[in-house]
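Asker: Here's a structure for you.
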Amino acid sequence: MLDSLKDPIFSGTVGMAYQPTARLCSVLTTLVVVCVYDYLTSVISKIYLFHTVCAIFGMTFFVLATYLADPVDGLANVERSPDRYLGWICYFAIESYGSLMVALFWSFTNTIMDLEQAKGAYGMIISVAQIGAVLGSAVATNATVIGIPKLFVLVSLNILSISLAMKLYSLMFRDRDTQKRCRTATESELSELLGPSTGSNRGPPRQENVVIGWVVQFKIGLTSTIRKFCGGFYEGLMLIIRHPYVMLLLFVATLDETIVAMLDYQFKLLASVSTSSTPTDPSLVHSGDEGDSSRFAHLLGNFGVLTNLTSFIFAFFGFAFLIRKLGVRFALLIFPTCLFLTVIITNLVPNLWVLFVFLSTMKSMIFSLHDPVKELLFMPTSDAIKFKAGAWINVFGSRFAKACGSFVVTFAHGDIHRLRVLVEMPCIIISIVFMGCVYKAGLDFDYLTSKNITVGLEPIEKTMYVSNDRKDDDSVQMKGNDEL
């Protein structure tokens, strides 16, 4: 629901010409929010983290709903300007919530399930998630009837209901391990800051010392988070640079994001124009002639319904069949081939409904086919690559690729005709490179699995052992990696 409302609100307040800039800035704001979230995970349990995140974002969207309903500052004001901060705040809030809640849900789910439970449950979880996405998009199609501010109130209630569901879970299952509070500062660190003990007659700590202790605890935890954040960035990047196969996986995971970002902006710019109360030829209209936010939300709601419904069908019926019949290498080639054809067709027929159908199909294939098959490419790699390099690719690499696509379309300045000319050749070139990288990654994957090679395993260090026959110094021998 929020994803279908994000761009219509921004279009109705700021203007679609600034959407690429908002996407670029959202990369930075989301990373800051994730850094703060990473700190909170070390301070409170995940159960309480659900309550905290739900309370913050639930109230945030409720307050935003009141501002959106305001006749002066809200959507009733049809004047578009980059100085209307309400549109920027709504965009960043939706982007941050989408990244944060998904990460929180899966991190919590991974802590309460073992591998066998996950194999049986994760497929059903993803399928139900697609059903929820279809329902949310379907509700957004009624934005013209219900109104976007009321939909934001509904969003707020839904977010708060997540906190209620987690409370019911904790009461029913009494999961004590996930309810334990963690502390970032050790007892010794806090005692040094609270002051030395004066003996057994020492009274309760003064209020100012308690406050100082919590402030220092916050500083220690935040410093640790920043170090871990920067350390994870550096370590993941070094693993990617060190291993050519992992570098190839970086291109496989991110090049399509750049293409989709450029096509997505072209589609939404055309959609904003088509929902105008005075429709004209979209090819001759600039972003200043954008239409009504509710009609725009209705169109994007239908887009979301089609995307998530197609994704559900692909995930439920097609993924296992294609992997079983074609294998990883050929199943991996399906999406880049379709993406290349989409780029060619949308350039030959730059029509809103052509983009509607083809872009919806591409996004559904990303969710249900390309991303799951892409994750299989990490199987012949070490645990360090899976966790550190994988996280770098999925978080930093993916968002950087989207930012690159957004950076390119900023030079169109909201002009649809200029945008088409600007993105035509980059999309074609990147899609060809993407196909080549996917084909090479498939070949390397087959070779590594057939030879039982694991990328990233460090060589075994020289091991010293003592012979059972002789206990003197001459019995100490060295064995190298090859002999072991």
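Asker: Inspect all residues belonging to the stretch 51-67 and state whether any of them is farther than 24 Å from LEU164 by Cα and in contact (Cβ under 8 Å) with a residue 24 or more places away in the chain.
Answerer: no
Asker: Right, LYS374: over 14 Å from TYR265 (Cα atoms) and of a type in the set (Lys, Arg) or not?
Answerer: Yes.
Asker: If you go through the stretch 100-141 one residue at a time, how many are modelled with pLDDT under 80 and in contact with an Asp or Glu (Cβ under 9 Å, 6 or more places away or on another chain)?
Answerer: Here the count works out to 2.
Asker: So, one more: Being open to solvent by less than 10 Å² (accessible area, probe 1.4 Å) and not aromatic (Phe, Trp, Tyr) narrows it down to one of VAL433, VAL438, so name that one.
Answerer: Unique residue meeting the criteria: VAL438.
Asker: Of the residues in the stretch 248-266, how many are open to solvent by less than 10 Å² (accessible area, probe 1.4 Å), among the β-branched types (Val, Ile, Thr) and more than 15 Å from GLY436 (Cβ to Cβ)?
Answerer: 0
Asker: I've got another one for you. Output the residues belonging to the stretch 143-176 that are over 23 Å from the mean Cα position of the chain (by Cα), over 22 Å from TYR91 (Cα atoms) and of a type outside the set (A, V, I, L, M, F, W, C).
Answerer: Within the stretch 143-176, LYS167, TYR169, SER170, ARG174, ASP175, ARG176 meet the criteria.
Asker: I've got another one for you. Restricting the stretch 53-76 to residues that are of a type in the set (Val, Ile, Thr) and surrounded by 16 or more Cβ atoms within 10 Å (Cβ to Cβ), which is nearest to the chain's Cα centre (by Cα)?
Answerer: VAL53
Asker: So, of the residues in the stretch 315-356 that are touching a residue at least 40 places away in the same chain (Cβ under 8 Å) and β-branched (Val, Ile, Thr), which turns out to be surrounded by the most Cβ atoms within 10 Å (Cβ to Cβ)?
Answerer: For the stretch 315-356, the residue satisfying everything is VAL343.
Asker: What pairs come out if I take residues in the stretch 157-174 that are at pLDDT 90 or above and pair them with residues that are surrounded by 16 or more Cβ atoms within 10 Å (Cβ to Cβ) and not in a helix (DSSP H, G or I) whose C-beta lies under 9 Å away, six or more apart or interchain?
Answerer: Between residues of the stretch 157-174 that are at pLDDT 90 or above and residues that are surrounded by 16 or more Cβ atoms within 10 Å (Cβ to Cβ) and not in a helix (DSSP H, G or I), the close pairs are ASN158/MET1.
Asker: So which pairs qualify, if the first residue must be in the stretch 388-414 and more than 19 Å from HIS370 (Cα to Cα), the second must be open to solvent by 40 Å² or more (accessible area, probe 1.4 Å) and at pLDDT below 80, the Cβ gap must be under 7 Å, and the two must be at least 6 apart or on different chains?
Answerer: Between residues of the stretch 388-414 that are more than 19 Å from HIS370 (Cα to Cα) and residues that are open to solvent by 40 Å² or more (accessible area, probe 1.4 Å) and at pLDDT below 80, the close pairs are LYS388/GLU235; GLY414/HIS286.
Asker: Exactly one condition in (1) open to solvent by 20 Å² or more (accessible area, probe 1.4 Å); (2) part of a helix (DSSP H, G or I); (3) not aliphatic (A, V, I, L, M) is not met by GLU79; state its number.
Answerer: Single failed check for GLU79: (2).
Asker: Now, a different point. Does ALA384 satisfy the condition of being small (Gly, Ala, Ser) and surrounded by 19 or more Cβ atoms within 10 Å (Cβ to Cβ)?
Answerer: no
Asker: Could you grab me the full set of residues in the stretch 250-293 that are assigned to a helix (DSSP H, G or I) and at pLDDT below 60?
Answerer: PRO282, SER283, LEU284, SER287, GLY288, ASP289
Asker: If you don't mind, there's one more thing I want to ask. If the requirement is being buried (at least 18 other Cβ atoms within 10 Å of the Cβ) and at pLDDT 75 or above, which of these qualifies: PHE400, PHE407, PHE445?
Answerer: Only one candidate passes the filter, namely PHE445.
Asker: A follow-up question, please. GLU375 passes all but one of (1) open to solvent by 10 Å² or more (accessible area, probe 1.4 Å); (2) part of a helix (DSSP H, G or I); (3) more than 22 Å from LYS325 (Cβ to Cβ); which number fails?
Answerer: (3)
Asker: Another question, if that's okay. Are any of the residues in the stretch 15-36 out of contact with any strand residue (DSSP E or B) (no Cβ under 6 Å at 6 or more places or on another chain) and either among the acidic types (Asp, Glu) or at pLDDT 90 or above (or both)?
Answerer: no
The values are calculated or read from the model by the stated rules, or taken from the named source; none is laboratory data. As the structure is a prediction and not an experimental result, all values here were calculated from the model. Counting neighbours? That spans all protein chains shown, and the Cβs are built from the backbone with ideal geometry, glycine included. The area values use the complete protein model at the heavy-atom level, side chains included, leaving out ligands, DNA and RNA. Shrake-Rupley method; radii C 1.70, N 1.55, O 1.52, S 1.80 Å.
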